[in-house]
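What follows is a short report on a single structure.
We did not get these values from a lab; they are worked out from the coordinates using the rules stated. Quick caveat: nothing in here was measured; it's all calculated off a predicted structure. Positions of Cβ are backbone-derived with ideal geometry, glycine not excepted, and every protein chain shown enters the neighbour counts.
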Amino acid sequence: MTARRLVVHGRVQGVWFRDSTRQEAERLGVDGWVRNRSDGSVEAWLQGDGAAVAALEAWCGHGPPRAKVAAVEGNDVAVDPDLRGFVIR
């Protein structure tokens, strides 16, 4: 089990980034959440199988078609044993 916290910078709000991330997470079987931040970035918590988390993090590097991702900051975090499913916050 792996957990990662991401902050995605660029044109990532108003382009369906959060809902597309949720859909991709559900497809990959990754638990967590995604939310907009006041600075225009998007923050996400991903946890699950290491390969699935890595695949979702790679997907966040480009996002949905209308997004223009400039950078993704990621760091390992402690697994949240109570987290189930993937939600938009």
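Numbers at a glance
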{"item": "Candidates W33, W59 - the one that is part of a helix (DSSP H, G or I) and among the aromatic types (F, W, Y)", "result": "W59"}
{"item": "Qualifying position, being more than 14 Å from the chain's Cα centre (by Cα) and either surrounded by fewer than 17 Cβ atoms within 10 Å (Cβ to Cβ) or not polar (S, T, N, Q) (or both), among A71, A55, A78, A67", "result": "A78"}
{"item": "All positions within the range 9-40 that are out of contact with any helix residue (DSSP H, G or I) (no Cβ under 8 Å at 6 or more places or on another chain), within 18 Å of P65 (Cα to Cα) and either surrounded by 22 or more Cβ atoms within 10 Å (Cβ to Cβ) or of a type in the set (K, R) (or both)", "result": "R11, V12, F17, R18, R22, R27"}
{"item": "Subset of the range 36-56 [under 15 Å from R11 (Cα atoms) and outside any loop (DSSP other than H, G, I, E, B)]", "result": "N36, V42, E43"}
